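The structure appears below as structure tokens.
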Amino acid sequence: MDTIAIPALNRPIDATVEIPGSKSITNRALLVAALAQGDSILENALFSEDSNYFAKCLEQLGIPITLNPDQAQIQIAGKGGEIPAKQADLFVGLAGTAARFISALVALGNGEYRLDGVPRMRERPMGDLLKVLQSSGISVNFQGNADFMPYTIYGGQFSGGHFRLKANQTSQQLSALLMIAPYAQQDTIIEVEGTLVSQSYVKMTCKLMADFGVQVDEISENQFQIKAGQRYQPRHYTIEPDASNASYFFAAAAVTGGRVRVKYLTKQSCQGDILWLNVLEQMGCQVREGDDYTEVTGPDQLQGIDIDMNDISDLVQTLGAIAPFASSPVTIRNVEHIRYKETDRIHAVVTELRRLGVRVEEFADRLKIEPGPITPAAIETYHDHRMAMAFAVTGLKVPGIVIKDPGCTAKTFPDYFTRFFKMLEQ
Ligand SMILES: O=C(O)C1=C[C@@H](OP(=O)(O)O)[C@@H](O)[C@H](O)C1
Ligand SMILES: C=C(OP(=O)(O)O)C(=O)O
């Protein structure tokens with residue numbers, strides 16, 4: 001297996017970096033542009049496994065797409081809600097967004113569509129979304145375990161109406177339904193039953209829908225109404241840099257007591273993970289914002305924090321990886337849902353911190369990390385891009401840390417390590 005050794009930096013970092021486009025915005029924009037009637041252009045689009053699988057699925061569904069990776073640009077000729085292909089065998093890799101959004105999209109198509117992913121994708125929750133589709137007249141045939149991939153969706157009659165949806169394991173199934181709802185036969189109301197995790201991503205969904213001309217009304221808390229007959233308009237749309245992926249670079253400033261500026265990302269971002277800046281402020285960093293950049297300066301000594309990360313859970317690994325350097329414990333709460341992601345992330349962070357000699361307590365929905373010295377080790381990444389990206393930051397402070405299977409960053413950030421090492425050279 002490939003590995004990358006991280007060189008410890010015995011000086012404060014001082015760098016300016018650029019981060020590729022947001023995965024979450026790219027895949028939402030691809031979906032709504034595919035449903036719009038006419039040509040959209042996406043600028044600063046992400047090119048990575050998650051977005052490539054998404055684009056490939058759309059292409060197989062008969063939506064013409066032109067990819068220009070050199071210009072970070074994608075052109076899509078939307079079909080106004082029609083799915084031209086009557087049959088397709090679709091593969092989503094490990095992309096949760098592609099799995100959920102494409103499953104909902106094909107419900108609008110008059111044909112049969114098989115979906116599958118990598119082995120871990122076959123374990124990730126799909127059932128709540130599929131139940132809603134089934135209750136609206138769509139049939140689903142499971143080839144493996146009921147409610148999991150692989151399955152075939154027989155699309156064509158998404159009726160709309162009033163649905164109840166569980167969203168305690170993932171918000172992506174709600175986002176998926178919201179985005180297809182304007183194309184249902186009647187108005188749709190989606191009522192979230194119980195807890196809604198990762199709420200900030202639902203806000204992002206509503207913002208993207210609004211940017212492409214469709215309105216969602218939150219008629220009461222966690223109850224969403226989408227009027228039928230609304231139509232997405234094609235757009236020339238610029239995607240923000242990925243705030244979750246910017247977190248590693250800001251964290252590098254935080255742990256080295258240095259300064260990192262991320263260009264074209266500001267607190268006005270529609271990504272919930274921009275709140276990483278607040279987390280770092282609470283830990284003692286300074287944050288400075290310009291018109292088109294944000295800059296973090298790390299303190300001499302980071303402070304611990306006790307924080308609910310339900311809404312910003314892609315940052316759990318970033319915080320976990322820098323937590324041992326704080327002066328007091330770090331407690332990360334209310335994140336049971338990260339056990340259903342690329343890997344069981346609570347367990348993966350706890351295991352790798354323990355491998356580094358850190359004292360950590362694991363609970364069903366939280367973890368507590370004690371400050372203390374680190375003994376270097378080779379970090380397992382479990383096919384999870386965020387394990388690799390986060391623990392590379394730990395390596396800046398401790399000589400001898402090695403990241404196993406660094407290629408796993410291709411999921412959302414194929415040239416992460418190139419940019420990371422460039423940052424160190426500045
Ligand atoms: O909607 C989205 O774009 C995402 C929602 C979140 O997932 P969950 O809703 O499964 O927590 C997040 O972790 C994921 O990286 C992207
Ligand atoms: C959870 C993530 O991805 P997915 O979209 O596959 O859920 C992630 O990128 O951290």
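General remarks:
- Whole-number percent relative contact order across segment 1-100, with pairs defined as alpha carbons under 8 Å at least 6 apart: 30 percent
- Order of 232, 382 - criterion: other Cβ atoms within 10 Å of each residue's Cβ, fewest first: 382, 232
- Simple spin-label estimate for residue 157 and residue 110 in nanometres, 7 Å along Cα-Cβ: 1.4 nm
- Within the chain: Cβ-based charge dipole about Cα centre, in debye rounded to nearest 20 (Lys, Arg +1; Asp, Glu -1): 300 debye
- Between residue 134 and residue 415, the FRET efficiency estimated from the beta carbon spacing at R0 = 45 angstrom works out to 0.65.
- Taking amide hydrogens as placed 1.01 Å from N in the peptide plane, the amide H of residue 151 sits under 5 Å from those of 115, 143, each at least 5 positions away in sequence or on another chain.
- Compactness relative to 2.2 N^0.38 Å, alpha carbon Rg of segment 263-403: 1.02
- Antiparallel bridge percentage (DSSP; both residues within the chain; nearest 5): 65 percent
- Shape category assigned to segment 134-209 from the gyration tensor of Cα positions, a/c cut at 1.5: oblate
- Helix 385-394 vs. the chain, principal-axis angle (Cα, 0 to 90°, nearest 10): 20 degrees
- Angstrom value of the Kirkwood radius, inverse mean 1/r, which spans all Cα pairs in the chain: 21.8 Å
- Neighbour counts of C-beta atoms inside 10 Å place 13, 190 in the sequence 13, 190, starting with the fewest.
- When both segment 382-426 and segment 257-335 are represented by their alpha-carbon centers, they are found 18 Å apart.
- Using alpha-carbon coordinates, inclination of helix 345-355 to the longest axis of the chain, degrees: 20 degrees
- In terms of surrounding Cβ atoms within a 10 Å radius of their Cβ, 122, 288 rank from fewest to most as 288, 122.
- Here the relative contact order of segment 46-113, from alpha carbon pairs under 8 Å that lie six or more residues apart, stands at 36 percent.
- Helix-only [θ]222 nm of the chain, DSSP H runs n ≥ 4, -39500 (n - 2.57) each, per residue, nearest 500: -9000 deg cm²/dmol
- Amide proton proximity set for residue 164, modelled H, under 5 Å, gap of 5+: 191
- Modelled this way, with points 7 Å down the Cα-to-C-beta line, the labels at residue 227 and residue 66 are 3.5 nm from one another.
- Separation of the alpha carbons by more than 31 angstrom is noted, of 131/207; 131/203; 267/341; 79/422; 79/267, for 79/422; 79/267.
- Summarising the amide proton neighbourhood of residue 186: residues at separation of 5 or more, or on other chains, whose placed amide H is nearer than 5 Å comprise 160, 161.
- Projecting the Cα positions of 41, 408, 176 onto the charge dipole of the chain (unit charges on Cβ atoms of Lys, Arg, Asp and Glu, taken about the Cα centre) puts 408 furthest along the positive direction.
- Annotation for segment 304-375: chymotrypsin sites (Phe, Trp or Tyr not before Pro) lying in DSSP loop with at most 16 further Cβ atoms inside 10 Å of their Cβ are 363.
- Spin-label zone in segment 151-172 - amide nitrogen under 18 Å from a point set 7 Å from the Cα of residue 89 along the C-beta vector: 151-154
Read-outs throughout are calculated quantities, based only on the coordinates presented, and are distinct from any laboratory measurement. Quick caveat, the model's predicted, so the values are computed rather than measured. Neighbour counts are summed over all protein chains in view; Cβ atoms, including those assigned to glycine, are modelled from backbone coordinates with ideal geometry.
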